[in-house]
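The values are calculated or read from the model by the stated rules, or taken from the named source; none is laboratory data. Model, not experiment: these values are computed from the prediction. Because the Cβ atoms are built from the backbone with ideal geometry, glycine has one as well, and the counts that use them run over all protein chains shown.
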């Protein structure tokens with residue numbers, strides 16, 4: 001908790017610089033589109049996502065709908081920034097508008113409308129609400145949300161869980177839920193919570209277990225870990241006060257792991273458990289390590305033996 005608050009203050013100070021804010025939002029427009037869509041099965045790479053959003057460039061090797069999903073998500077992200085700028089509260093109309101943007105040109109018949117049929121999550125034992133109940137549940141959800149402390153990151157995390165548990169739409173529920181969560185986090189001064197494709201299984205399991213057991217602690221704890229990781233990544237991306245190193249001193253995770261003679265999975269484990277932090281990240285969000293970090297890694301390796 002203290003570390004999150006410290007990072008929040010660092011981010012606040014960094015975003016006083018308008019250039020930092022513009023750089024961050026431009027990066028997030030592509031990064032959140034790539035990661036959120038990838039969780040739903042979209043196979044565009046980070047670069048392909050960025051190219052279609054920024055330059056409208058596509059390739060015939062991927063289905064056109066994947067490119068439409070990328071563009072739609074980036075527009076939906078711009079919409080949540082607009083809501084923050086205008087200090088608008090979240091209500092059902094805004095949620096329906098967000099959903100309409102997400103499914104625009106993909107499923108126009110369902111875009112912006114609550115579902116009128118039963119739905120199931122593939123491979124899940126969770127029973128979702130009857131469609132007749134959806135309008136009432138969404139009204140109750142918005143009332144609950146607007147009566148919560150929206151400066152608390154837990155409100156955003158719990159809103160995400162409640163939303164996907166209602167599952168108000170035929171399609172696009174996960175993308176809407178993550179955008180809503182990140183709207184609340186950004187509005188409260190946090191960085192958005194970025195769920196990487198490699199997190200997909202644990203992320204979906206955490207949601208399902210909370211839904212089946214009606215116990216939220218493990219889910220909240222897991223999402224808090226992801227938020228902490230996102231905060232560190234974004235502060236690192238924006239912080240220019242770090243000691244400069246030459247590009248030759250920066251190594252990808254695979255090269256760094258080889259240098260210190262441990263598997264890449266071990267480096268990821270240390271990063272996940274806050275024992276090691278990347279020196280910086282590429283524009284696409286990949287971790288980079290400095291040669292000067294070898295000594296620390298050697299000590300970690302020694303302690304683990």
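Just the residues that are surrounded by 17 or more Cβ atoms within 10 Å (Cβ to Cβ) and part of a helix (DSSP H, G or I), please, taken from segment 267-299.
Passing the criteria: 267, 270, 271, 293, 297.
Would you point out which residue out of 156, 206, 177 is modelled with pLDDT of 95 or more and either closer than 16 Å to residue 37 by Cβ or in contact with a strand residue (DSSP E or B) (Cβ under 7 Å, 6 or more places away or on another chain) (or both)? Quick ask: steps written out before the conclusion?
Working: 156 fails: either closer than 16 Å to residue 37 by Cβ or in contact with a strand residue (DSSP E or B) (Cβ under 7 Å, 6 or more places away or on another chain) (or both); 206 fails: either closer than 16 Å to residue 37 by Cβ or in contact with a strand residue (DSSP E or B) (Cβ under 7 Å, 6 or more places away or on another chain) (or both).
Testing whether each residue is modelled with pLDDT of 95 or more and either closer than 16 Å to residue 37 by Cβ or in contact with a strand residue (DSSP E or B) (Cβ under 7 Å, 6 or more places away or on another chain) (or both) leaves just 177.
If residue 169 meets every condition in (1) surrounded by 14 or more Cβ atoms within 10 Å (Cβ to Cβ); (2) modelled with pLDDT under 95; (3) over 30 Å from residue 238 (Cβ atoms) apart from one, which number is that one?
Condition not satisfied by residue 169: (2).
Need the failing condition index for residue 75 against (1) more than 14 Å from residue 172 (Cα to Cα); (2) under 16 Å from the mean Cα position of the chain (by Cα); (3) buried (at least 18 other Cβ atoms within 10 Å of the Cβ), just the number.
(3)
Mind checking whether some residue in segment 8-24 is closer than 17 Å to residue 78 by Cβ, assigned by TED's automatic domain parsing to the domain that holds residue 196, touching a helix residue (DSSP H, G or I) at 6+ places or on another chain (Cβ under 8 Å) and not in a loop (DSSP other than H, G, I, E, B)?
Looking through segment 8-24, at least one residue is closer than 17 Å to residue 78 by Cβ, assigned by TED's automatic domain parsing to the domain that holds residue 196, touching a helix residue (DSSP H, G or I) at 6+ places or on another chain (Cβ under 8 Å) and not in a loop (DSSP other than H, G, I, E, B).
Quick one: in segment 214-228, of everything that is free of Cβ contacts under 8 Å to residues at least 12 places away in the same chain and not in a loop (DSSP other than H, G, I, E, B), which residue is surrounded by the most Cβ atoms within 10 Å (Cβ to Cβ)?
221
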